[in-house]
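To keep things clear, I will list the structure first and then write my remarks on it.
The values are calculated or read from the model by the stated rules, or taken from the named source; none is laboratory data. Bear in mind that the values here come from a model prediction, so they are computed numbers and not experimental data. When we count neighbours, we look across all protein chains shown, and the Cβ atoms used for this are built from the backbone with ideal geometry, even at glycine.
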Amino acid sequence: MSDLKIAVILGSTRPGRNGKAVADWVLDQAAGRDAGYELIDLLDYPLPHLDEAMPPSMGQYAGAHTKAWAETIAAYDGFVFVTPEYNHSTSGVLKNAIDYLYAEWNNKAAGFVSYGSLGGARAIEHLRAISAELQLADVRQQLSFSLFTDFENFTEFRPGPQYAAQATVLFDQLETWASALKPVRTGLRVAA
């Protein structure tokens, strides 16, 4: 599996965000694994509200920002979405970034890490439904961090030691699915 590339997508651009510490922790936990894990911070991809005239499923991207985003996402075999929970869902900036593309997400694997007052579980549930539409195979294991118990003063990320084992399960599932789907993507490209 050493050729697998997994993106850890940081789904918050909010000033003072907690997500950066969570994403960094995910990357630390993934260090030394056979697959390569890399951070994609949505702050580095300032996508406007979806401004493509054609539906993403048509693959006719017009904007330079969309083409650059598509090229970035196409390079990965799987994703760990790190999401806050805002109003019982994921963040608007993450949803917007996902909505820009279609084929670049197809037949890849996804795992979810969330944080919020109730651990962000509702944000993950929404992302699971979105993933199904994009033909992203989401794995069962997820990590949900509570602002009350996993953050000191609601800002300083301090996860308990039990999360390391849970992260390993998430990575194992994600890499297994990403590896299994790789021939599917190759076969689709050859047939096209």
Cβ-Cβ under 9 Å, sequence separation 6+ or interchain: first residue in region 4-33 and among the acidic types (Asp, Glu), partner surrounded by fewer than 20 Cβ atoms within 10 Å (Cβ to Cβ). Which pairs?
24/39; 24/157
Might you let me know whether region 164-182 holds any residue that is aliphatic (A, V, I, L, M) and assigned to a loop (DSSP other than H, G, I, E, B)?
no
If we keep only residues of region 138-171 that are of a type in the set (A, V, I, L, M) and buried (at least 18 other Cβ atoms within 10 Å of the Cβ), then the residue farthest from residue 16 (Cα to Cα) is 139
Residue pairs meeting the criteria (Cβ under 7 Å; at least 6 apart or on separate chains; first under 23 Å from residue 106 (Cβ atoms), in region 163-180; second part of a helix (DSSP H, G or I)):
171/30
For region 115-136 the number of residues that are more than 25 Å from residue 48 (Cβ to Cβ) and buried (at least 19 other Cβ atoms within 10 Å of the Cβ) is 5
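Yes/no per residue for (1) surrounded by 19 or more Cβ atoms within 10 Å (Cβ to Cβ); (2) among the β-branched types (Val, Ile, Thr); (3) within 15 Å of the chain's Cα centre (by Cα); (4) closer than 29 Å to residue 182 by Cβ:
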{"residue": "41", "(1), (2), (3), (4)": "no, no, yes, yes"}
{"residue": "48", "(1), (2), (3), (4)": "no, no, no, no"}
{"residue": "67", "(1), (2), (3), (4)": "no, no, no, yes"}
{"residue": "73", "(1), (2), (3), (4)": "yes, yes, yes, yes"}
{"residue": "102", "(1), (2), (3), (4)": "no, no, yes, yes"}
Here's a check for you: in region 75-100, which residue that is over 14 Å from residue 40 (Cβ atoms) and of a type in the set (Asp, Glu) is surrounded by the fewest Cβ atoms within 10 Å (Cβ to Cβ)?
99
May I ask you to verify whether residue 57 is assigned to a strand (DSSP E or B) and either small (Gly, Ala, Ser) or at pLDDT below 95 (or both)?
no
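Of the residues 89, 117, only one is farther than 18 Å from residue 26 by Cα, of a type in the set (S, T, N, Q) and at pLDDT below 95; which?
Of 89, 117, the one residue that is farther than 18 Å from residue 26 by Cα, of a type in the set (S, T, N, Q) and at pLDDT below 95 is 117.
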Kindly evaluate residue 67 against the criterion of being out of contact with any strand residue (DSSP E or B) (no Cβ under 8 Å at 6 or more places or on another chain), basic (Lys, Arg) and more than 15 Å from residue 98 (Cβ to Cβ).
yes
When you scan region 180-189, do you find a residue that is modelled with pLDDT of 95 or more and out of contact with any Gly (no Cβ under 6 Å at 6 or more places or on another chain), even just one?
yes
Quick one: which strands (runs of 3 or more DSSP E) lie wholly within region 69-162 and hold at least 2 residues that are free of Cβ contacts under 8 Å to residues at least 60 places away in the same chain?
108-116, 136-146
